[in-house]
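Take a look at the structure below.
The values are calculated or read from the model by the stated rules, or taken from the named source; none is laboratory data. Just so it is clear, the structure is predicted and the values come from calculations on it, not from any experiment. All Cβ positions, even for glycine, are placed from backbone atoms using ideal geometry, and neighbour counts span all protein chains on display. SASA here: full protein model, heavy atoms, side chains in, ligands and nucleic acids out. Shrake-Rupley method; radii C 1.70, N 1.55, O 1.52, S 1.80 Å.
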Amino acid sequence: MNHSELRIHQVRLPLPLRLNHVNSYLIEDEEGWSVIDPGLATEDTLTVWTEVLKNYHLTFGDIKRIIVTHYHPDHYGLAGLFQQWTDAAVYSSMETFEWADRIFHSESIRKSAQFSLKCGVPGSLVNKMSEHHEELFTWVKPIEGAKVILEPEENILLGGKQFQIKLGNGHAEGSIGFLNESSKLFIGGDLLLEKITPNITYDYSTNTNPLQDYFDTLQMLRTLQIQTVLPGHGKVFELAESFIDGVIKHHLERLQEIRSIWRNLNAEELTPYEISTYLFPKVVDPASLNFALGETVAHLRYLQKRNELSIIERDESLYCVLNDVL
């Protein structure tokens, strides 16, 4: 059974970012329609939605549920406006709602800038990164109406079929996906992407190990024997048996790259930003710099948790030292 037979329709929404689109899913249910990940609250997104609803002979009033897989702006941003127009509840994990409340305000931008400075990012670049965050946050509308918490392993009816809720971490805390057991079809948000690997980002305000969390999530997803993935970006794809091994291998190779940097530079200590410039030498735009630094620190955090690396704070700056050169 494919996704069209399950009455699940992919809607490709534009993004004003290097990653130029996000997938939403419009689902025909018995008592109305559901939307998974309505997108970013931009004029271009609203134009697409107006045309899509017209093509399906729908109005906003036909939307009875708004479901969000995770709190990242490209998935979450329009949910608040959708709720205003539809009067529908927004469904997601507890973590998604908590992180959205924590992230989408000016104090979060200020603290993120402080952390970037501690990581060694030059002040001029930090200012540009903050400007990007400020613009991005204008495209996120708060959810002020009803919220429904989705619990892992519970069932939810989508397209007239039962789907089991799966929770994963690493890319975004509290990410949810939906598995139809009989067809092995998985609506996964950004948990599994075919052409790109989901960004793994360490958040300055936590004591987590997001790369290990993502490895654990991948091992959980492996046990589900998923066949078809409806992803948050890119086309629907069949999950090859070797796919998850390939994603893990990508991150293990990046960890090895980090270990090699000290040897290649004959350096004793390096800032996280310096390391990120070697891992991502072509990254220059503010949005990508945010991703590159976050991904770098997530990998450094993984090595720190394994006692392979120490992160030392000195004079309001962070320095990384491989433990075998301490």
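Within segment 84-93, can you find the residues that are more than 14 Å from G32 (Cβ to Cβ) and open to solvent by less than 20 Å² (accessible area, probe 1.4 Å)?
V90, S92, S93
Return the total of residues in segment 263-308 being polar (S, T, N, Q), buried (at least 18 other Cβ atoms within 10 Å of the Cβ) and closer than 22 Å to F215 by Cβ.
Of the residues in segment 263-308, 2 are polar (S, T, N, Q), buried (at least 18 other Cβ atoms within 10 Å of the Cβ) and closer than 22 Å to F215 by Cβ.
Could you check, for segment 240-262, whether at least one of its residues is over 24 Å from Q212 (Cα atoms) and either in a loop (DSSP other than H, G, I, E, B) or open to solvent by 60 Å² or more (accessible area, probe 1.4 Å) (or both)?
no
Residue by residue through segment 142-163, note down the ones that are buried (at least 19 other Cβ atoms within 10 Å of the Cβ) and assigned to a loop (DSSP other than H, G, I, E, B).
I143, L150, G159
Conditions tested, residue by residue: (1) at pLDDT 95 or above; (2) outside any helix (DSSP H, G or I); (3) open to solvent by 20 Å² or more (accessible area, probe 1.4 Å).
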site	(1), (2), (3)
H3	no, yes, yes
L6	no, yes, no
V11	yes, yes, no
P16	no, yes, yes
N23	yes, yes, no
G39	yes, yes, no
L53	yes, no, no
G61	no, no, yes
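Here's a check for you: in segment 179-190, which residue that is touching a residue at least 60 places away in the same chain (Cβ under 8 Å) and open to solvent by less than 20 Å² (accessible area, probe 1.4 Å) is nearest to the chain's Cα centre (by Cα)?
Per the criteria, the residue is D190.
In contact (Cβ under 8 Å) with a residue 24 or more places away in the chain and over 20 Å from K111 (Cα atoms): is that true of E241 in this structure?
No, not satisfied.
Give D87, D74, D62 a once-over and let me know the one that is charged (D, E, K, R), in contact (Cβ under 8 Å) with a residue 12 or more places away in the chain and within 18 Å of I187 (Cβ to Cβ).
D74
Could you tell me which of the residues Y71, Y76 is over 16 Å from Y25 (Cβ atoms), touching a helix residue (DSSP H, G or I) at 6+ places or on another chain (Cβ under 9 Å) and buried (at least 23 other Cβ atoms within 10 Å of the Cβ)?
Y71
With respect to E98, determine if the residue is part of a loop (DSSP other than H, G, I, E, B) and exposed (fewer than 15 other Cβ atoms within 10 Å of the Cβ).
No.
So, in segment 193-217, of the ones that are open to solvent by 60 Å² or more (accessible area, probe 1.4 Å) and not polar (S, T, N, Q), which residue ends up modelled with the highest pLDDT?
D216
Is it true that Q219 is under 30 Å from F186 (Cβ atoms) and in contact (Cβ under 8 Å) with a residue 40 or more places away in the chain?
Judged against the criteria, Q219 is not a match.
Restricting to segment 113-141, name every residue that is in contact with an Asp or Glu (Cβ under 7 Å, 6 or more places away or on another chain) and part of a helix (DSSP H, G or I).
Listed by number, the list holds a single entry, K118.
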